[in-house]
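Quick notes on the structure that follows.
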Amino acid sequence: SDRCSERYWSDAKRIGLARAQLLPLATKSAKAMKAKFKNTEIAYCAGIIDGEGYIGIVERQSSARHRSLEYVLQMSVTISDHNTVLLLRRMFKGDVRNTRPRKNGYKPLFAWKTTGWATYAALMTLRPWMRIKRRQASLGIEFQRRKGYSRTRSFVPEKTLARRLRYWLRMRQL
């Protein structure tokens with residue numbers, strides 16, 4: 001799993017919360033973001049994600065050992081301005097990486113990415129200012145709330161996988 005989601009989980013685990021109790025924690029985090037940052041900063045970030053970003057549900061193998069499918073809420077931005085991705089990381093956590101330019105002579109690119117509950121908290125904060133990707137943000141929030149958890153990470157019931165797959169397909173259509 002991604003570092004961002006694991007941070008939420010490790011924080012929750014440290015204070016004795018179960019995975020199912022992460023929704024209130026992430027919602028509280030979204031409210032704290034709104035209180036901590038100016039509306040202009042939040043609106044600016046919403047505009048960057050609306051114009052340059054990606055909001056989606058990604059499908060991947062959970063691990064080489066377990067070989068089960070996993071569906072994860074993800075948000076990312078790849079852009080040439082390093083300060084913009086640093087602002088996104090400061091406000092919404094996540095990872096920042098350097099990526100190679102697509103062609104020689106192009107500017108270097110910087111990628112910011114967040115997944116899982118960290119993405120949920122960010123989308124809860126950003127959605128009121130979004131225009132273009134508002135439907136993706138709403139569907140991502142709904143997905144994360146209703147994703148459901150299995151008792152162990154190695155086995156996900158077929159019914160739960162089918163529900164996650166339906167969300168993945170809906171997101172691809174947007």
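The values are calculated or read from the model by the stated rules, or taken from the named source; none is laboratory data. Keep in mind that what you see is a predicted model, and the values were worked out from it rather than measured. Cβ coordinates were reconstructed from backbone atoms using ideal geometry, including for glycine residues, and neighbour counts include every protein chain displayed. Each accessible area value is taken on the protein alone, full model and side chains, heavy atoms only, with ligands, DNA and RNA left out. Shrake-Rupley method; radii C 1.70, N 1.55, O 1.52, S 1.80 Å.
Could you please tell me which pairs satisfy a Cβ distance under 7 Å, a separation of 6+ or placement on different chains, a first residue in region 91-107 that is under 21 Å from residue 122 (Cβ atoms), and a second residue that is in a loop (DSSP other than H, G, I, E, B) and open to solvent by less than 100 Å² (accessible area, probe 1.4 Å)? Hits for this filter: 91/37. Selection of region 76-87 for residues being open to solvent by less than 20 Å² (accessible area, probe 1.4 Å) and either more than 17 Å from residue 133 (Cα to Cα) or assigned to a loop (DSSP other than H, G, I, E, B) (or both) yields 84, 85. Looking only at residues in region 148-166 that are surrounded by 10 or more Cβ atoms within 10 Å (Cβ to Cβ) and part of a loop (DSSP other than H, G, I, E, B), which one is modelled with the highest pLDDT? In this case the residue turns out to be 157. Out of the residues in region 47-71 that are open to solvent by 70 Å² or more (accessible area, probe 1.4 Å) and not aromatic (Phe, Trp, Tyr), which is modelled with the highest pLDDT? The extreme case among them is 52.
For residue 169, the conditions (1) under 24 Å from residue 52 (Cβ atoms); (2) loosely packed, with under 13 Cβ neighbours inside 10 Å; (3) of a type outside the set (Val, Ile, Thr) are fulfilled apart from (1).
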